[in-house]
Amino acid sequence: MVVNLRKWQPGRVKNFAAGSLVLPTVSAVMQWSWTGPVHTFTQGVQVAWAGWVPGGVVGMAVVAVPVAWWLVAWWWARYYHKLVTVGHTSPEKTDRVSRRFEDARDAGARTAARYPVPLTYRGNIVLGPSAAVASSRSHSVWGLLRKRRDRWLMIPVRAINEHLVVTGDSGSGKTTMLLRLIAGLYAYDWQRYLATRKDRPLLVFIDCGGDLHTGRRFVQLMTRLGVDPRRIGLWPITTKLDLWSMSAPDLTETLQSMLCLAPATDASQVHFENNRRRVVSLVIGTALSDAGVVLPKPRSRAELFDRLSTKRLKQLYAADLAICEEIDALNESKPPAVADVAGKLRDLFETLGEAFEGDRGLDSFDALYVCAQGTTRKETARAQISAVKTMLLQFAASPHNRRIRTAMDEKSAVVDDKGDVDVIDLVERARKLRCSVIYAAQSFLGLAQTEDECHRIVASTSGGWIGMRGNDQGPLCEKFGTRTVYTASRHLNGRRMGEEGTLNTGDAMLVHPNKLRRFEPGQAVYVKGLQANWGQVVTVDPDDIPQLEYPHWARIEPATATAGHGEPESSGPQRKTHTNRPIARRADIERPRNRKEDTE
């Protein structure tokens, strides 16, 4: 009855049947004879026949209970196999019973989500309990019995290394899932860092929507994990990045990315884009001069704007007549290129404020949250994200001993008719630089500005797809493969179903879009390699997170510990005393500590 009500997988029933074998095993050991269970059973029959039924039942249970469990397991596996192949006599009943199976498993996953869930498990990031696993391969009855039960909805770390794409509409629990995913990922990377002393983790969360509440949750989560608060950043709220300590070529590329946010689409746009890039090269001092003029890079915003005039540039390059003529030609374009670049940069830096006037580089952080106000200030947010993306790629391309993880959420907030942020290079090139990307959006078309770019992004994220509730997930469902389905048809005998019919095989989507439309908040499916794992995401509770081990040799002082007036930089809530919180080892992270209280 329990098996039928909860719609257990045949493999789980087999586990209970295997566990029941402990009864005859103990009986055989106690009697030191392989025939001991049989003797106990026959004695139980005799005792029951003599009139003492309870005692006889106890004796017979040594053999009867395992036999009953294995019969139930075999019958349930045959019934389940029949349901997914031939089905019931009525196709309508087959669909109804299949829906009951799905609903019962989803309810079981939601119930299991009330209990503690580990962050990591054997090289996987655990999001929550698993409801069901589907694959393109069909199993026989014995295959269903041999199949292991998938307890957790897990994302392999090796898949995250190959980039992930995440989709889910507003209110589906996507941000909650991302916070749990990055918390488990940081815990895993930190344990590897302690074991090998290589590849210290660097986590960068880019929120294009500018959700400051999520930023505070991120800071609190990292603090509870045990990350040094001085190495946690909430940019540009409490943390300022240093733009001017970069090398001249890197500074040139960063400023050019802030000016030229989207690729040019026609010849006129290419012309103006080239003019802007040339002006930036002249101002920074990376332009090649045949006369040997070498300019030091600007050290501040004031020095940059001091050079952004035709008169000043001609003074700096007075010894090079060719460049002076080039400056005159740039000034004669419509609009004048130097004045155009100066106006755009002044407008950007006025809206950015002191965001890039700090003294911290990316290497001085372990966890950085980028809060770009894409919802209210799209132009500014595009410049912010372009600059941070360029700085991140430049840092990843330089010699470093970091494992870089980047999560980007709500990129559609900075996309409109006026521009976009090009992330194709980040997704397609970052893996070679030891940088993995978790790319999240509300739908397939929200991944990029054009449909072709959306297809390129999905093709580059070979780590798989995490799908949550959404009404426009069809294109992604089509991309991640099909499974074999069996369609049974019956001949009608008047108005009743007859016994004869046909059974046809075909292909159906491994993940059907209608299933995603029926999702409740927190439900998710992870698809990779023609296999889909369905489950319930558990909200990560900072109070239940064990603090990571933080030895003395891992405490690296950031580039600076002050925020401008001699006060320690505050990146969020400070950690409490270390004596009140246990130090977590790998076993503590992979094993829950206590049961949560039922809040329902």
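The values are calculated or read from the model by the stated rules, or taken from the named source; none is laboratory data. Remember, it's a predicted structure, so these values are computed and weren't measured experimentally. Glycine also receives a Cβ, built like all others from the backbone with ideal geometry; neighbour counts cover every protein chain displayed.
Number of residues in segment 169-202 that are at positive phi and either crowded, with 23+ Cβ neighbours inside 10 Å or of a type in the set (Asp, Glu) (or both): the value is 1. Scanning segment 29-44 for residues that are closer than 10 Å to VAL62 by Cα and aliphatic (A, V, I, L, M) returns a single hit, VAL38. Based on what the data block shows, is ALA372 buried (at least 22 other Cβ atoms within 10 Å of the Cβ), within 15 Å of GLY233 (Cα to Cα) and modelled with pLDDT under 90? Taking the combined requirement at face value, the residue satisfies it.
The number of residues in segment 284-306 that are under 13 Å from TRP244 (Cβ atoms) and either part of a helix (DSSP H, G or I) or in contact (Cβ under 8 Å) with a residue 60 or more places away in the chain (or both) comes to 6. Please verify whether ARG158 is more than 25 Å from GLN394 (Cβ to Cβ) and either among the polar types (S, T, N, Q) or in the same structural domain as ARG382 (by TED's automatic domain parsing) (or both), treating the condition exactly as stated. In short, yes.
Could you tell me whether any residue of segment 73-90 is touching a strand residue (DSSP E or B) at 6+ places or on another chain (Cβ under 8 Å) and either on the phi > 0 side of the Ramachandran plot or in a helix (DSSP H, G or I) (or both)? Yes; the residues of segment 73-90 include at least one that is touching a strand residue (DSSP E or B) at 6+ places or on another chain (Cβ under 8 Å) and either on the phi > 0 side of the Ramachandran plot or in a helix (DSSP H, G or I) (or both). Quick check on my filter: what residues within segment 194-213 are closer than 21 Å to GLY361 by Cα and in contact with a strand residue (DSSP E or B) (Cβ under 6 Å, 6 or more places away or on another chain)? Selection gives ASP199, ARG200, PRO201, LEU202, LEU203, VAL204, PHE205, ILE206, ASP207.
Listed conditions (1) surrounded by fewer than 15 Cβ atoms within 10 Å (Cβ to Cβ); (2) assigned to a helix (DSSP H, G or I) are all met by TRP70, apart from (1). Of ARG224, ARG230, ARG200, all but one fail to be at pLDDT below 95, assigned by TED's automatic domain parsing to the domain that holds ILE385 and under 19 Å from ALA430 (Cα atoms); the exception is ARG200.
Residue pairs whose Cβ atoms lie under 9 Å apart, separated by 6 or more positions or on different chains, with the first residue in segment 332-360 and at negative phi and the second surrounded by fewer than 13 Cβ atoms within 10 Å (Cβ to Cβ) and modelled with pLDDT of 85 or more, are ALA337/ALA329; GLU357/SER300. Against the list (1) crowded, with 21+ Cβ neighbours inside 10 Å; (2) closer than 29 Å to PRO399 by Cβ; (3) modelled with pLDDT of 85 or more, the condition SER257 fails is (3). Just give me the residues in segment 16-39 being surrounded by fewer than 17 Cβ atoms within 10 Å (Cβ to Cβ) and assigned to a helix (DSSP H, G or I), in sequence order. Result: PHE16, ALA18, GLY19, VAL22, THR25, VAL26, VAL29, MET30, GLN31, VAL38, HIS39.
Of everything in segment 428-447, what is touching a residue at least 24 places away in the same chain (Cβ under 8 Å) and either among the charged types (D, E, K, R) or not assigned by TED's automatic domain parsing to the domain that holds VAL165 (or both)? Give them in sequence order. Scanning segment 428-447 gives GLU428, ARG429, ARG431, ARG434. Residues considered: VAL270, VAL280. Of these, the only one that is part of a helix (DSSP H, G or I) and either in the same structural domain as GLN384 (by TED's automatic domain parsing) or modelled with pLDDT under 85 (or both) is VAL270.
Against the test of being under 20 Å from VAL133 (Cβ atoms) and either more than 11 Å from the chain's Cα centre (by Cα) or outside the structural domain of VAL423 (by TED's automatic domain parsing) (or both), the options LEU153, LEU164 yield a single qualifying residue, LEU153.
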